[in-house]
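Written out below as structure tokens is the structure these notes cover.
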Amino acid sequence: MHRGLQSGLSRRAGYRKAAGVTLVATLGLGAVAACSSSSSTSGSSNSTSNQHVTVSVACAPASSDPVQYKEWNEDVATFEKANPNITIDSIYATSCIVPAQQTAQFAAGTEPDVYGVYFGSLDTALDAGQAANITSYIKAGDVPAWNSIVPSAKAAVTAGTTIYGIPYFNYTQGLVYNRQLFQQAGLNPNDPPTTWAQVEADATAITKLGHGIWGYGDYSADNNGGWHFSSEIDANGGSITNAAGTAASFDDTAGEQVLEALHTLRFVDKAMSPTQGLGWGTLQKQFAAGKLGMYIAAPDDIYGVIVPQDGGNIGDIGMGPLPSESGTPAGTLSGGNFYSFNPKDTPAQIEAGLKWINFEDLTLGQGQFNFARNKADGEPVGFDEPQLFQGSMQTQYQALLGKYTTIDESYYSTFVNTPETPDGQPVDDQALYKEMDPMMLAVLTDPSVNIPQLMQTTANNVNTVLNDANGG
């Protein structure tokens, strides 16, 4: 869905991103948890009785996304019928998580009873004292699927030994490309580019088609430029921060190569649009309209946005690995989403919220995993994500997905078959992405930009954020 990232996605479409995650996002959270006791709400799973309880739940898809809106409301009706003492107060929005809006809610303590959080943003919720401690509920067995969730996703919701949320989605990224435009440009749609040099050659050929078609696109606004740069440098063997999450590390050869490739695409190859400063949602619309050849994204952009929301043709879309200098991506940004709970929630509200999450997000065959309904409603089915589970539950998930698959899986085989090590989200990810947006914008708008100098300035700004985040 996601996203991140990703600040324009609906809950059912955009924050469902791909494949198993190995996180660095929780680095430093033990210290945060130690100073955030005010955010902890402990409770007993035996506290719920038959009294009526209302729970406000964020990330309900808006009516502008009619299929997902319908499916969500069907699920609420089914859940409330089975649980007549619980009312789900759906918070409908076109965007599941908007960082600036969420920061304001944290400051005022006005977030919903159950709200979405990015994997890399737990520390933000803890700093604000706005994440309830749900450890006792997990230990009491209130989340039956907990032991089947991959450890890396559980790590994203844990600070020290304290659990603050329930993961419901994880993702990695690759190169989404338009197979139809590849064919029109004389390129092999079964052989997507893997190096930046190949991306430039293919993007140039696609741009020559004219009619407002551009070969490549990227973001540089609303935290999304920094988010994409993070994935691009991961693939190129670099990293946004050092392993401890205490200092910027992208101002090196790996980072410079990525920025030089983007600058070349824009000003030498002239294979990117002169209209820049783009935020989330713009590239998907361009792609669906047949006006964009390639951009990086997670698979959910295809099945959750480009096809159902923007009217793209599923038969025109393929996906390959992230581009890199070598052609073999060293890694990829990975992340996901989890639900957290307002510390003002009563134990009954937390238990009711957990029941809803179990129903909607963690039970195969229903909610987000109701693939039979997805297929009947005309949604693409078969993308191998999220990779949220392990063991027998993952085996059952794969079997269910295979039963209802509607896509031509060969169009995505190069992405699936190319190993990309998930690198997680950097600590305080949204704040870092915000600092890197201007760097991406300058690279895509200034033909004479001094990239080494720009990287150093940005690294200094990122270091200031990291110093603050680490208590400096």
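Read-outs: derived from the displayed coordinates by stated rules, not from any lab. Note that the structure is a prediction, hence the values are computed from the model and not measured. Positions of Cβ are generated from backbone atoms using ideal geometry, with glycine treated the same way; all protein chains shown enter the neighbour counts.
For this structure, a couple of remarks:
- Backbone phi angles across region 164-169, fed through the Karplus curve with coefficients 6.51, -1.76 and 1.60 (θ = phi - 60°), yield HN-Hα couplings of 10, x, 10, x, 9, 7 Hz in residue order; Gly and Pro are listed as x.
- Centre separation in Å (Cα based) which lies between region 296-334 and region 81-97: 30
- For region 342-404 versus region 261-277, the gap between their alpha-carbon centres in whole angstrom: 40
- Counted charge near Gly365, where neighbours are those whose Cβ lies closer than 13 Å (Asp, Glu -1; Lys, Arg +1): 0
- Taking only the C-alpha atoms of region 186-311, the Rg (one decimal) and the largest Cα-Cα distance, Dmax (whole number), read 15.0, 48 Å.
- Taking 30 Å as the limit for the C-alpha separation, the pairs Lys355/Lys375; Lys70/Lys434; Lys375/Lys434; Lys291/Lys434; Lys81/Lys403; Lys139/Lys434 exceed it in the case of Lys70/Lys434; Lys375/Lys434; Lys139/Lys434.
- Under 12 Å, Cβ to Cβ, from Pro452 - net charge with Lys/Arg +1 and Asp/Glu -1: -4
- Lys, Arg +1 and Asp, Glu -1 on Cβ, resulting dipole of region 42-159 about Cα centre, debye, nearest 20: 260
- Per-residue ³J(HN,Hα) for region 425-441, Karplus 6.51 cos²θ - 1.76 cosθ + 1.60, θ = phi - 60°, Hz, x for Gly and Pro: 9, x, 4, 6, 4, 5, 5, 5, 4, 4, 5, 8, 3, x, 5, 5, 4
- log₁₀ of I(q)/I(0) at q = 0.18, 0.21 Å⁻¹ - region 223-275, Debye sum with one point per alpha carbon: -0.61, -0.77
- Counted over the chain, the DSSP beta bridges are approximately 65% antiparallel.
- Tensor-based shape of region 100-216 (alpha-carbon gyration tensor, a/c under 1.5 rounded, otherwise prolate or oblate): prolate
- Counted charge near Thr264, where neighbours are those whose Cβ lies closer than 13 Å (Asp, Glu -1; Lys, Arg +1): -4
- Principal axes of region 196-240: Cα extent on each, largest first, Å: 36, 25, 7
- Simple rule: put +1 on each Lys or Arg Cβ and -1 on each Asp or Glu Cβ in region 123-271, find the dipole, and look at Ser136, Thr204, Phe250; the Cα lying farthest toward the positive end is Ser136.
- Estimated vicinal HN-Hα couplings, Hz - region 85-95 in sequence order (Karplus 6.51, -1.76, 1.60; Gly, Pro = x): 8, 10, 10, 8, 8, 6, 9, 7, 7, 6, 10
- For the chain, with +1 on Lys and Arg beta carbons and -1 on Asp and Glu, the positive-most of Leu354, Trp214, Gly327 along the dipole: Leu354
- Amide H contacts under 5 Å for Ala159, placed H, 5+ residues apart: Tyr164
- Between amide H atoms placed 1.01 Å from N, distances below 5 Å from Ile317 occur with Arg179, all of them 5 or more places distant or on a separate chain.
- When the convex hull of its Cα atoms is projected in every direction, mean area for the chain (nm²): 19.9
- Shape call, region 36-177: gyration tensor on alpha carbons, a/c limit 1.5: rounded
- Less than 5 angstrom separates the built amide H of Ser90 from those of Val57, all sequence-distant by 5 or more or on a different chain.
- Rel. contact order, % - alpha carbon contacts under 8 angstrom, at least six apart, region 194-261: 22
- Kirkwood Rh, angstrom, region 256-297 [1 / mean 1/r, Cα pairs]: 11.3
- Anisotropy class of region 81-127 from Cα gyration tensor, a/c 1.5 cut: prolate
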